[in-house]
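Have a look at the structure below before the remarks.
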Amino acid sequence: MKYYTFELWGDQSPEAEKQWLRNDKAYYERVKFLKKRISDEAYKILVEKGFHDYTLNELKVIQEGYDFRKWKIKVEMVVTNEIETWKIKVENVKKIFINHNGTSDDTGFDDWGYEELLDVDESTLSFEILFASGSTILLHFPNNNIFVKQIK
């Protein structure tokens, strides 16, 4: 996470709060240029709405294809709060990194904190999620390969 860091999120000092606000402004200045690189619906949900305080109910990494030269990786996530359930699907994943900080007593990801949608290069986007536990999920994928749909 570049703008919404775990360390900054946990710091309650006035300096950290000011830095958080600066980072928030900088993030929205940067992400607005990505609007043409994903669908209007995905942008509206991932950038303008977000999933703060939702729960990740399901995480699937799916390898599809009929031979090793044509395999494609897809990631599907189902997130929910007490009112809504959403499915996030990312296709043609180029990079996936899951940093889970669970213990033997707590094996879940905890509450969804913040997400960042950033550009990697002209044809690749990055979607990263920070959970209250400090766990993260990072995905890199081609433009226009992230989809969000309300399922309940």
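Roughly to the nearest percent, how much of the accessible area of the chain is carbon and sulfur, given a 1.4 Å probe?
Values: 4410 of 8980 Å².
Carbon-and-sulfur percentage of accessible area, whole number: 49.
When only alpha carbons are used to place a centre, the stretch 52-76 and the stretch 77-152 end up 11 Å from one another. Under 5 Å from the amide H of D110 lies no amide H of any residue 5 or more positions distant or on a separate chain, with H modelled from the backbone and absent for Pro and chain starts.
Take the Cα of N99, step 7 Å toward its Cβ, do the same at K49, and the gap between the two points is 2.8 nm.
Surface exposure of the chain, expressed per residue as accessible area with a 1.4 Å probe, stands at 59 Å².
Residue ranking by accessible heavy-atom surface, 1.4 Å probe, largest first, among Y28, Y43 comes out as Y28, Y43. Of the residues Y54, Y114, Y27, the one that moves most in a GNM of the chain with alpha-carbon contacts below 10 Å is Y27.
Tell me what the chain gives for mean residue ellipticity at 222 nm when only DSSP H runs of n ≥ 4 count, each as -39,500 (n - 2.57), the sum divided by the residue total, rounded to 500 deg cm²/dmol. Present the calculation step by step, with values, prior to reporting the outcome.
On the way: 3 runs with 27 residues, N = 152.
-5000 deg cm²/dmol, from helical runs alone.
Put one equal scatterer on each alpha carbon of the stretch 68-152, apply the Debye formula with no solvent term, and list log10 I(q)/I(0) at q = 0.12, 0.13 1/Å to two decimals. Each listed q maps to, in turn, -0.40, -0.47. With the convex hull drawn around the C-alpha atoms of the chain, the volume per residue stands at 129 Å³.
Compared with the dominant principal axis of the Cα atoms in the chain, helix 14-31 is inclined by about 30°. In this rough spin-label picture, where each label sits 7 Å from Cα along the Cβ direction, the E76-N57 distance is 1.3 nm.
Can you figure out the FRET efficiency of I151 with K25, using R₀ = 35 Å and their beta-carbon distance, to the nearest 0.05? Approximately 0.60, to the nearest 0.05.
Using 23 Å as the Cα-Cα cut-off, could you pick out the over-long pairs in K32/K70; K2/K36; K60/K149? Walk me through the numbers before you get to the answer.
Numbers: K32/K70 33 Å; K2/K36 21 Å; K60/K149 16 Å.
K32/K70, as the Cα separations exceed 23 Å there.
The values are calculated or read from the model by the stated rules, or taken from the named source; none is laboratory data. Only a predicted model underlies this, so the values are computations on that prediction, with no experimental measurement involved. Note that each Cβ is placed from the backbone with ideal geometry, even for glycine, and that neighbours are counted across all protein chains shown. Quick note on the areas: whole protein, heavy atoms, side chains included, nothing else; ligands and nucleic acids left out. Shrake-Rupley method; radii C 1.70, N 1.55, O 1.52, S 1.80 Å.
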